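Every number here is computed from the coordinates shown, using simple stated rules; none is lab data. All of these numbers come straight from a predicted model, not from anything done at the bench. All Cβ positions, glycine included, derive from the backbone under ideal geometry; neighbour counts span all protein chains shown.
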Amino acid sequence: MNERASLREIWRETRGLIRPLRGRYLGAAAAVIGSTLITLAGPALVRYAVDSGISKDARGPLDAAAIAFLCLAAAKPFVVRAQTLLAAGAGERFLGSLRTAAFDKLQALPLGFFERERAGVLLSRLTSDVQSLTEFIREALIEVVGSGLQIALTVVALVILSPTLAAVSLIALPILIASSWTFHHSAGRVYHAIRDRVAETLTVLQEGLAGVRVVQAFRRERRTIEAYNPRSQAQIHAWRRASFVNIRLFTMIPLAQTAALLAVLLVAASMYRHGSISKGTIAAYVLYLVQLFDPVARFSEWLGEFRQGLAALGKIVGLLQTPNAIVERDGAVELPNSGTLALRDVTFGYDGERPVVHGVTVELEAGEHVALVGATGAGKSTLAKLLTRQYDPQSGEITFGGVDLRQAKLDSLHRRIVMLPQEGHLFSGTISDNVRLADPDASDEQVVHALRRIGALERFESLPKGLQTDVQTRGLRLSAGERQLVGIARVALADPAVIVLDEATSSLDPATEAAVERALAAVAAGRTVVTIAHRLSTAERADRVVVMEHGRAVEVASHDELVEQGERYAKLWASWQAGLELTA
Amino acid sequence: MGQIEARRRAAWRFVRAVVRSQAGGVIGAVLSGLLWQTGAISAPLIVSYTIDNGIVPRNRHTLVLWLLALLGVGLLEVVAGGLRHIYAIRNRSATDARVRDAIFAHALRLDASYHDRVGPGELMSRASSDSEHVARMMDAIGHTIGYALTVVAVSVVMLVVDARLALLVLLPLPFVSVVAWMYSRRYDERTRRLQEAWASAATLVEESVSGIRVVKGLGAGGALSGRFRTRSDQIVGRALDVARLDAVFNPALEVLPLIGIAAVLWVGGRQVISGGLSLGLFVAFNAYVVMLVWPLRVLGQRVSTLQKALAASARITEVLETEPRLREQRHPQELERPVRGEVRLESVRFGHEGNRPVLDGLELELRAGESVALVGATGSGKSTVAGLLARLYDPDGGRVLLDGHDVRELRLAHVRQAVALVFEETFLFTESVRENIRFGRPDADDESVARAAALAGAGEFIAALPDGYETVLGERGFSLSGGQRQRIAIARAILADPAVLVLDDATSAVDATREHEIRAALAKVMRGRTTLVIAHRPATIALADRVAVLENGRITEEGTHSELVGRSARYRELLALETEAA
């Protein structure tokens, strides 16, 4: 994951999200311009009333100015309302599409990414980072357009009033440039540091909360908090450092203003002595100069938000840009409904050097059940990940029905080949929602049908609210076996051609265990099944056994044949049998 | 309605407590804010004096004097502005941390039954997003009070200068507070709904990241993306609901000073013409009204900042004011050592809220050093018994006794030290293997860790890990198989050396062929130690001195494994011994 995307990268990634909101943004900008112009027109009308009306004792111009002013005042709330609604509409929609783009990206990234990144960091990208953008995005347009316009118009007025004094005012410029430069030089770093500290804090929080039962059972509350506190403090420190960087900019603006005022007044005094400037011009000029610094100050305060937002945006864009090797190729094709699953000389290693799977060649007939057997680290799980295309092999190929998985449409790949992990993870929501995860469009009948097919319908229907029972977060109220049943029901609903099954090793109580086995048998019937077998009884039932050793498929044959051969599998089987006798 | 009122009151209480806790920072922010404000207001005045008394009369001496004053004001603004900002950020980050720390610390104190209901995603959103809203309020508080005081000061000056004209300008101001009050309820409601939408999106992210294997295996990314889009759209919709309130309130606030200016212009202008008001005062009045524009706009925005902070505070206090149902007595008894490990459950009743009780009149005794296997069907409440022994839960009725003391009267730390629990679902932290094993006894030396690992049958595979005992486990760490994880958890419990050991299905993920390897070790660990074993495999059950069958919330049968196999059909059925024979 790229940790710091550059401004150009940010623009490239977000351009597409902004485009549909162009109309709203333009409308909001127009409203901001209107509201700024109304604000600026006020003093002009007052001056007109004073100069042409009051000082000449003429009521006409005074009334005219007052009526004009009232009209503007009456128009203002509508302009401000439009500005508020349009800016909020554009801003929130932009954030919404950024959020969903980040989530979609997260879903598109392969498993390997999640094995590297910590949950807390990913969580902070999609929650805290996006949220810290809200103010910035909503205020951005109003501040940039509003203050920008005000500054531009004031500068024009200054130059018209007195080009000489305008030139003198430029003395403020070096201060402004220098302070902006030192600010921007460090701002990126300090604000990125804040986002990093936030992510670290959330990571510790997430782990502490997810593991709270263990923490409590082992009286680790204090130590957990002690481990957490430095992260929390580090976040405060990061903020403090940001505030020190910010004041480089914020405090230099009144300084620049004072310098400009002093210079202008000194030069004006000498010009006045020489009679080259009028009293009124000096007064007006200085008034404009004072007014100029109001939008400048606001703009600079907004720059602080801007840098913070930019840092957060950079993090999110960094996530969006994470290269994804598992993408759909151009001209990808649908996988056939069924066919042979063939591995030809497949080699793969996580670091690209040490192969974890080495030259594996196996061919699975449609409907065949194959068990992968081998010690931990022999490459069984990696092979399973290759079959579901969580990774692509470095050499060799995996084909289904003659189509290389890399040439297949991802959607059809996901529909045909499904992996069932050991643990049945549940999402908050109802049981029915959880089953529907496999096919969001499935009807209630289809969900019921899937549960019935695996023989689990009655078990769940007997719950207080039936299939509408809320499983609660992480499904702590459903037992391990019931969670597995939900997982199997998902597969039944997905109706794939190939199931890659990481066999659950948990021994459940026999009644549930039997239910799970029945469910698995029901869902496996008629499909190609590759099982990572932890029990050799599973291997015994399979049509064929693949024995893995150091990444190679060293023996491939039926259980009986392998036992007869009397080599590696036969030894494993013998020790398994011995173990079972001890168990019984 | 009463509940909403109570929530609002609690939220206000919390906000006040937060402000009090940062009293120094708030005072600093207000004072530096006022100084800054003073500088900003006096600068134009000094400039006009410079022109009138220095430049126009061509008086060099006075000119230099006023210019020096201007320089002084400029420097004041630099210093006060800097301080104001530093204080604001300090208040913000300190508040954020304080709230988050409080939630985390409190969540760790809350009992397991609370965490059964409220998942980590939900708590995370309170500790990060809600605390952020309170922090933003603290960021703004100095500026806001400064601006409010400016409004008051300017109003007073105007009243002194010309009361009639001032009243004309100030009359609409009370109207603002009426509007603010009227819409604060709706604001409260809508902001709360927005924050709930945020929390539900955050929960989905948390769940899909922690369940990523299921998601990837099913290719369910699309389905989740769909769900997330719905929740994200909900956030957008609710944020816009809040913006629609802003769109009523902000224009009202913006237009008020304009009406004031118009009133001064028209009424005041006529007074000047008719000679009732001097031109100088008229100009000054105008300047004062203009001074109100920006503070009023900011104050308007702060109303929404405050409302968001209040809505967030309500959600935060919901967590903080949840009393842990499980509390240590004020004067807890010490558990005398050595702990004998005598455990008795007396007519224990326990039920998750609303549902029918899981345990109902449960009687179970474990003599010191005795091992008992608890057998029962799924959902019979075995894990609840395990949690009761370690006092992760308290029973709704009846008592749990340890060495003859009700565990509720004992020091909680003593109970949890005396009872070690190995959970069915293993949780490993993102730390080294060594630290994970040392979890219950952080001061254990490397040798004891290795011994415990060896006893749990984990020594061998740990040695084969890339960095041995230093290998980092957990989410990002090396992924272990379920059985390996469980063996680390068992090592963790062995190292803790408890008087009472509770194994809640702790060997379930260990391969049957490997279980016998650790069974010998378990037998050794269990010797002389009170042990409650929850298991399904007959061989593991046979390790225990005695078996108790849990059904319908109570112990229905007790005896040794072979006795029960001999006499109880239900027992044979539970262990599926019949089917195996068939």
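Grab the other residues whose beta carbon is less than 14 angstrom from that of A:GLY402, score K and R as +1, D and E as -1, and report the net. Intermediate values should be presented prior to the final figure.
Numbers: positive: A:ARG344, A:ARG406, A:ARG416; negative: A:GLU334, A:GLU363, A:GLU365, A:GLU397, A:ASP404.
So the environment of A:GLY402 carries a net charge of -2.
So if I place +1 on the C-beta of Lys and Arg and -1 on the C-beta of Asp and Glu, and nothing else carries charge, what would the dipole magnitude of the range B:2-320 be about its Cα centre? I want it in debye, nearest 20. Walk me through the numbers before you get to the answer.
Numbers: 35 positive and 22 negative charges, 64 e Å.
Rounded to the nearest 20 debye, it is 300 debye.
Quick check: residue separation of A:ASP543 and A:ASP351 times 0.36 nm, minus the Cα distance between them. What number comes out in nm? The partial results should precede the final answer.
Numbers: separation 192, 0.36 × 192 = 69.12 nm, distance 3.35 nm.
Full extension of this stretch gives 65.8 nm more.
Rounded to two decimals, what is Rg over Rh for chain A when you use alpha-carbon atoms and the Kirkwood radius?
Working: Rg = 34.7 Å, Rh = 29.9 Å.
Over the Cα atoms of chain A, Rg/Rh equals 1.16.
Can you give the charge dipole size of chain B about its Cα centre, rounded to the nearest 20 debye, using +1 on the beta carbon of Lys and Arg and -1 on the beta carbon of Asp and Glu? Can you show the working numbers first?
Numbers: 69 positive and 65 negative charges, 473 e Å.
My answer is approximately 2280 debye.
Hey, what's the Kirkwood Rh for the range B:340-452 if you take every pair of different alpha carbons, in angstrom? Each step should come with its number before you reach the end.
Working: mean 1/r = 0.0634 Å⁻¹.
One decimal place: 15.8 Å for the Kirkwood radius.
Just from the alpha-carbon atoms, what are the Rg and Dmax of the protein assembly as shown in angstroms?
Rg then Dmax for the protein assembly as shown, in Å: 36.3, 122.
Out of the chymotrypsin sites (Phe, Trp or Tyr not before Pro) in the range A:46-129, which ones are loop residues according to DSSP with at most 11 other C-beta atoms within 10 Å? Intermediate values should be presented prior to the final figure.
Details: sites: A:TYR48, A:PHE69, A:PHE78, A:PHE94, A:PHE103, A:PHE113, A:PHE114; in loops: none.
Sites meeting the loop and neighbour criteria: none at all.
With a Cα-only, solvent-free Debye model of the range A:341-583, what are the log10 I(q)/I(0) values at q = 0.14 Å⁻¹?
Those come out to -0.95, one per q.
Add +1 for every Lys or Arg and -1 for every Asp or Glu among the other residues with Cβ under 10 Å from the Cβ of B:ASN436, and state the total. Numbers along the way, then the final one.
Details: positive: B:ARG434, B:ARG438, B:ARG485, B:ARG492; negative: B:GLU431, B:GLU435.
Combined, the nearby Lys, Arg, Asp and Glu give +2.
Relative to the compact globular guide of 2.2 N^0.38 Å, what is the alpha carbon radius of gyration of the range A:7-320, as a ratio? Display every interim value, and only then the final one.
Numbers: Rg = 25.8 Å, N = 314, 2.2 N^0.38 = 19.6 Å.
Rounded to two decimals, the normalised Rg is 1.32.
Among all stretches of chain B without exposed GluC sites (Glu not before Pro) (DSSP loop, at most 13 other Cβ atoms within 10 Å), which one is longest?
Numbers: sites that count: B:GLU321, B:GLU334, B:GLU336, B:GLU353.
Here the longest segment lacking exposed loop sites spans B:1-320.
State, to one decimal in nm, how far the label point of B:GLU573 lies from the label point of A:ASN337, with both points 7 Å from Cα in the Cβ direction.
So the label points at B:GLU573 and A:ASN337 sit 4.4 nm apart.
Along the Cα-to-Cβ line of B:GLU409, 7 Å from the Cα, sits a label point; which residues in the range B:336-351 have backbone N less than 20 Å from it?
Residues passing the 20 Å test: B:336-349.
Where in chain B are the helices, taken as whole DSSP H runs, whose Cα atoms extend 30 angstrom or more along the long axis and whose Kyte-Doolittle mean reaches at least 1.0?
On the way: long enough: B:23-49 (38 Å, 1.34); B:60-109 (72 Å, 0.57); B:131-161 (45 Å, 1.29); B:172-210 (54 Å, -0.27); B:221-263 (61 Å, 0.47); B:279-320 (61 Å, 1.04).
Length and hydropathy pass: B:23-49, B:131-161, B:279-320.
If I model a spin label at A:LYS409 and A:ASP51 as a point 7 Å from the Cα along the Cα→Cβ vector, what separation in nanometres do I get?
Taking the two extended label points, one gets 7.1 nm.
Which FRET efficiency, nearest 0.05, do B:ARG186 and A:ALA30 yield, Cβ-Cβ r, R0 25 Å?
Details: r = 29 Å, r/R0 = 1.15.
So the FRET efficiency works out to roughly 0.30.
Net charge near A:ALA494, counting Lys/Arg +1 and Asp/Glu -1 over other residues with Cβ under 14 Å of its Cβ? Working shown, then result.
Details: positive: A:ARG415, A:ARG416, A:ARG436, A:ARG453, A:ARG490, A:ARG527, B:LYS216; negative: A:ASP411, A:ASP439, A:ASP441, A:ASP495.
The answer is +3.
For the range B:2-320, rounded, prolate or oblate, judged on the Cα gyration tensor with a ≥ b ≥ c (square roots of eigenvalues), a/c < 1.5 rounded, else prolate if a/b > b/c?
In terms of gyration-tensor shape, prolate.
Kindly provide the Kirkwood hydrodynamic radius of chain B in Å, to one decimal, from all pairs of distinct alpha carbon atoms. Please list the in-between numbers first.
Values: mean 1/r = 0.0337 Å⁻¹.
This gives a value of 29.7 Å.
At R0 = 56 Å, how high is the FRET efficiency between B:THR322 and B:ARG60 if r is their beta carbon distance? Nearest 0.05 is fine. Could you put the intermediate results ahead of the total?
Working: r = 72 Å, r/R0 = 1.29.
Working from the Cβ atoms, E equals 0.20.
Return the inverse of the average 1/r over all pairs of distinct C-alpha atoms in the range A:137-277, which is the Kirkwood hydrodynamic radius, in Å to one decimal.
Values: mean 1/r = 0.0512 Å⁻¹.
Roughly 19.5 Å, rounded to one decimal.
How far apart, in nanometres, would the label points at B:ARG13 and B:SER48 be if each is projected 7 angstrom from Cα along the Cα-to-Cβ direction?
5.1
How big is the C-alpha Rg of the range B:343-581 next to the rule-of-thumb value 2.2 N^0.38 Å, as a ratio?
Details: Rg = 17.9 Å, N = 239, 2.2 N^0.38 = 17.6 Å.
Against the compact-globule rule of thumb, the ratio is 1.02.
Can you work out the FRET efficiency for the pair A:GLU368 and A:LYS465, with r the C-beta to C-beta distance and R0 = 45 Å, to the nearest 0.05? Intermediate values should be presented prior to the final figure.
On the way: r = 40 Å, r/R0 = 0.90.
For A:GLU368 and A:LYS465, the calculated efficiency is 0.65.
For a paramagnetic label modelled at 7 Å from the Cα of A:ARG273 toward its Cβ, which residues of the range B:29-67 fall within the zone defined by backbone nitrogen distances under 18 Å?
The answer is B:50-67.
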